Amino acid sequence: MSKKILILSGSPKKDGNTATLVNWFMEGALLKSAQIAVVRTAFLKYKSTGCASCRACQKTDKYECVIDDEVKSVLAKMAKADVIVMATPLYFFAASAQLKLVFDRMFSLYKWDNEAGTMETPLKGKTLVLIASAFEDVGLKALEKPFALTAAYTGMKFKSLLVPNAGVSGDIKKKGDIRDKAAALGSRVA
């Protein structure tokens, strides 16, 4: 049975390093007949600049955000995917704001019972993949940490491909060894 892979690409560039890494990852996943959907988070229509901390999502039995914008459907796709890929350039030692807007809204995919000390989520058992690149060899481990912690907290498997010294936008296309690593990761998680 083919896996459903949802890729959230957090770069505002359509043909830069992040887009290239996503394409290479997809090459490997498609070899395993994965069903792939790509969401370019920089081009979603938002009604809120991230989670509004209204906690209305915690007052319903549905795993969905109450803010009715394009992120709501992305979150629904996350709950149904087998693999969630977050791809981003390194921006000041963190993920791009375009990706972080969706990442923070994942709050609605969790239900906490503080009195019982429990948490339920449809994300448990899935695989979370981080694909990230940086101009130089600084900051990628700091960027990776919130994704790895989220996966551990959620009960997800975690994989990452961190590419230091990727250069300016588009330079990564000159790095064939990285293409092989990205495709192999795609094949492995599919």
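The values are calculated or read from the model by the stated rules, or taken from the named source; none is laboratory data. What you see is a predicted model; the values in this text were computed from it and never measured. Because the Cβ atoms are built from the backbone with ideal geometry, glycine has one as well, and the counts that use them run over all protein chains shown.
Observations on the model:
- Verdict on A42 being without any contact (Cβ under 8 Å) to a residue 24 or more places away in the chain and not in a loop (DSSP other than H, G, I, E, B): no
- Criterion applied to E70, E27, E64 was being under 30 Å from D171 (Cβ atoms) and in contact (Cβ under 8 Å) with a residue 12 or more places away in the chain, and the one residue passing it is E27.
- Filter pass, K72 being of a type in the set (D, E, K, R), at pLDDT 90 or above, surrounded by 14 or more Cβ atoms within 10 Å (Cβ to Cβ) and within 27 Å of N114 (Cβ to Cβ): yes
- Candidates V102, V85 - the one that is of a type in the set (V, I, T), surrounded by 19 or more Cβ atoms within 10 Å (Cβ to Cβ) and in contact with a Phe, Trp or Tyr (Cβ under 8 Å, 6 or more places away or on another chain): V85
- Residue in the range 50-58 that is under 26 Å from K13 (Cα atoms), at pLDDT below 90 and out of contact with any Lys or Arg (no Cβ under 6 Å at 6 or more places or on another chain) present: yes
- For the range 106-156, the strands (runs of 3 or more DSSP E) that sit wholly inside it and include 1 or more residues that are of a type in the set (A, V, I, L, M) and under 15 Å from A81 (Cβ atoms) are 127-133.
- Test: residue in the range 72-82 that is touching a strand residue (DSSP E or B) at 6+ places or on another chain (Cβ under 9 Å), part of a loop (DSSP other than H, G, I, E, B) and of a type in the set (A, V, I, L, M, F, W, C): yes
- Matching residues, the range 154-180, being modelled with pLDDT of 95 or more and out of contact with any Lys or Arg (no Cβ under 8 Å at 6 or more places or on another chain): F158, S160
- Within the range 23-32, none of the residues are in a loop (DSSP other than H, G, I, E, B), among the basic types (K, R), modelled with pLDDT of 95 or more and surrounded by fewer than 22 Cβ atoms within 10 Å (Cβ to Cβ).
- Among residues of the range 73-94 that are without any contact (Cβ under 8 Å) to a residue 40 or more places away in the chain, those with a beta-carbon under 6 Å from a residue that is in a loop (DSSP other than H, G, I, E, B) at least six positions away or on a different chain give the pairs L75/C65.
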